[in-house]
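The values are calculated or read from the model by the stated rules, or taken from the named source; none is laboratory data. Here the structure is a predicted model, which is why all the values come from computation and not from measurement. Neighbour counts are summed over all protein chains in view; Cβ atoms, including those assigned to glycine, are modelled from backbone coordinates with ideal geometry.
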């Protein structure tokens with residue numbers, strides 16, 4: 001078995017992954033009644049994309065919907081105790097049961113890409129498992145976005161109260177030859193269902209020892225890029241250190257070298273898979289003390305060629321122009337509420353290394369569309385400081401270009417920046433340069449559901465080896 005450590009042949013640190021022995025919903029209970037809705041009734045999107053209305057809808061679907069745990073009811077810190085009590089009750093009554101056999105859990109999501117209703121459906125295949133928690137400066141697990149303290153403190157309180165990793169992270173490994181496909185093909189189906197967004201989900205277990213060993217060794221040959229769940233990973237790492245320190249100080253239960261709290265639950269997928277889709281997140285600027293579209297265009301000319309686009313053009317027209325320009329150089333589109341729009345394309349030969357802000361950052365970062373926007377326009381031209389960007393003082397983030405453009409022209413905000421998606425290869429280059437991108441730089445679609453597997457963090461329980 002490969003353990004986290006140093007590869008004696010190459011002198012490089014490797015990721016250690018391991019199978020789960022998780023808590024899962026008792027499928028026999030969920031399917032015993034047609035009215036229960038099956039597994040679809042108890043799963044939920046990630047906690048950070050659920051608004052109050054969506055939470056209420058999820059709660060109404062089933063009394064055991066996982067949203068009751070990831071976004072518990074109650075005021076202040078009392079809500080974390082409510083989550084712990086509800087989790088204990090579900091385990092006691094048998095709604096959640098522990099699998100006896102360690103396994104990786106293959107997870108397929110089949111969908112039609114948004115905006116492509118006539119396109120052929122695609123399937124993103126990956127698997128749920130565990131990764132040994134390591135500091136982010138080790139070059140093993142690579143972040144690509146900054147995190148905020150508020151969300152991490154919230155998740156940490158939930159970890160402490162429940163001693164449970166409820167929501168998986170999302171990480172990408174490298175496998176350009178798709179060598180792990182055959183191991184993933186050994187899975188035995190457990191559940192299959194469709195959610196209201198039209199996405200078909202299929203969960204299957206991989207218990208064959210040879211297949212599991214192939215997965216462990218295959219992933220160990222690659223660094224792991226965090227696609228989603230930066231806050232969750234950093235929270236799990238902090239919690240792990242807290243438990244370890246308490247044990248050393250004699251305040252906690254004795255733990256083994258493979259205690260559950262040392263591992264984080266992750267959905268792993270191949271970063272080289274062509275079915276891995278990343279969508280852009282657009283920037284909607286508002287509440288500036290003063291804004292003038294022509295002054296923005298004038299300030300942008302320090303870095304960009306500026307070309308006006310047809311007045312009143314639709315989002316489809318604007319994003320098509322943007323996509324075409326993005327094939328040649330970093331580009332974005334700026335839109336005003338009165339129907340004006342301009343294409344900003346990085347000028348050939350511009351010396352980004354000499355820029356007072358971008359020049360301080362590594363080359364892989366400063367040529368990304370989002371860095372050029374945040375560090376080349378938002379900060380120096382519009383005066384939105386990095387602190388204000390992090391606090392979203394003047395920014396809304398949106399995935400739907402048409403809706404955002406319609407809202408802008410109806411009087412919401414001052415300027416909308418339409419973006420191209422950041423390619424996965426570019427994200428990895430930035431991460432491998434030990435740099436992070438501005439927040440909301442990527443939007444991996446579709447989101448990974450919460451509730452398929454739940455990883456307990458009981459330090460006296462050890463993670464299985466293969």
Query - First in region 285-311 and touching a residue at least 60 places away in the same chain (Cβ under 8 Å), second anywhere and assigned to a helix (DSSP H, G or I), Cβ under 7 Å, 6 or more apart - result: 300/377; 303/372; 303/376
Query raised in the report: What are the residues in region 342-398 that are touching a strand residue (DSSP E or B) at 6+ places or on another chain (Cβ under 6 Å) and assigned to a loop (DSSP other than H, G, I, E, B), if any?
Result: 347, 394
**Report entry** Residues (touching a helix residue (DSSP H, G or I) at 6+ places or on another chain (Cβ under 9 Å), under 16 Å from residue 222 (Cβ atoms) and buried (at least 17 other Cβ atoms within 10 Å of the Cβ)) located in region 137-152
**Finding:** 141, 142, 143, 144
Query - Residue list for region 45-71, filter: under 18 Å from the mean Cα position of the chain (by Cα), in a helix (DSSP H, G or I) and more than 21 Å from residue 161 (Cα to Cα) - result: 49
Query raised in the report: Of 191, 202, 257, 236, which residue is at negative phi and in a loop (DSSP other than H, G, I, E, B)?
Result: 257
Report summary line: Here the qualifying pairs (Cβ atoms under 6 Å; residues six or more apart or on different chains; first in region 145-171 and modelled with pLDDT under 95; second in a strand (DSSP E or B) and surrounded by fewer than 18 Cβ atoms within 10 Å (Cβ to Cβ)) come out as none
Report task. State yes or no: is residue 215 crowded, with 18+ Cβ neighbours inside 10 Å, in contact with a helix residue (DSSP H, G or I) (Cβ under 7 Å, 6 or more places away or on another chain) and under 11 Å from residue 106 (Cβ atoms)? Result -> yes
Query raised in the report: Restricting attention to region 78-122, which residues are at pLDDT 95 or above and surrounded by fewer than 14 Cβ atoms within 10 Å (Cβ to Cβ)?
Result: 78, 85, 88, 89, 92, 93, 94, 98, 101
Report summary line: When (1) closer than 30 Å to residue 124 by Cα; (2) free of Cβ contacts under 8 Å to residues at least 12 places away in the same chain are applied to residue 349, the one that fails is (1)
Query raised in the report: Just checking, which of 404, 441, 465 is farther than 21 Å from residue 226 by Cα, touching a residue at least 24 places away in the same chain (Cβ under 8 Å), outside the structural domain of residue 330 (by TED's automatic domain parsing) and touching a strand residue (DSSP E or B) at 6+ places or on another chain (Cβ under 8 Å)?
Result: 465
Report task. Take residue 240 and decide whether it is closer than 24 Å to residue 148 by Cβ, crowded, with 16+ Cβ neighbours inside 10 Å, touching a residue at least 24 places away in the same chain (Cβ under 8 Å) and within 22 Å of the chain's Cα centre (by Cα). Result -> yes
Query - Hits in region 255-277 (condition: surrounded by fewer than 17 Cβ atoms within 10 Å (Cβ to Cβ) and farther than 21 Å from residue 130 by Cα) - result: 274, 275
